[in-house]
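Only one structure is covered here, and it is reproduced in the block below.
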């Protein structure tokens, strides 16, 4: 038979250690959830800004859809530069998009659905 502790004081020590472990896990999950909520809020803000550009006529729906589909943070600036180089957007649109920031990952909605 296994004995956790010979002395009752040792049981308290184990309970405190277990409490710290559980507390650490809960704190990690809380911080992770807050970060995920922040990222989601930023993604939605960027989608709304791109939809506003389409609504005001400074960007075509096709361009906006391409940006939303390829808006990974690591290639955002490169993708905007590529769109300027191909003539799909002008430099003013590119400046607005770079200020708006990237959308993390593929967009689940199209610009037409957002407007």
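Listed values, structure above:
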quantity	calculated
Of the criteria (1) surrounded by 13 or more Cβ atoms within 10 Å (Cβ to Cβ); (2) more than 12 Å from the chain's Cα centre (by Cα), which one residue 42 fails	(2)
Candidates 55, 64 - the one that is under 21 Å from residue 77 (Cβ atoms) and touching a residue at least 40 places away in the same chain (Cβ under 8 Å)	64
Single unsatisfied condition, residue 60 versus (1) at pLDDT below 85; (2) in contact with a helix residue (DSSP H, G or I) (Cβ under 8 Å, 6 or more places away or on another chain)	(1)
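The values are calculated or read from the model by the stated rules, or taken from the named source; none is laboratory data. Note that the coordinates shown come from a computational prediction; the quantities given were computed from them, not determined experimentally. Because the Cβ atoms are built from the backbone with ideal geometry, glycine has one as well, and the counts that use them run over all protein chains shown.
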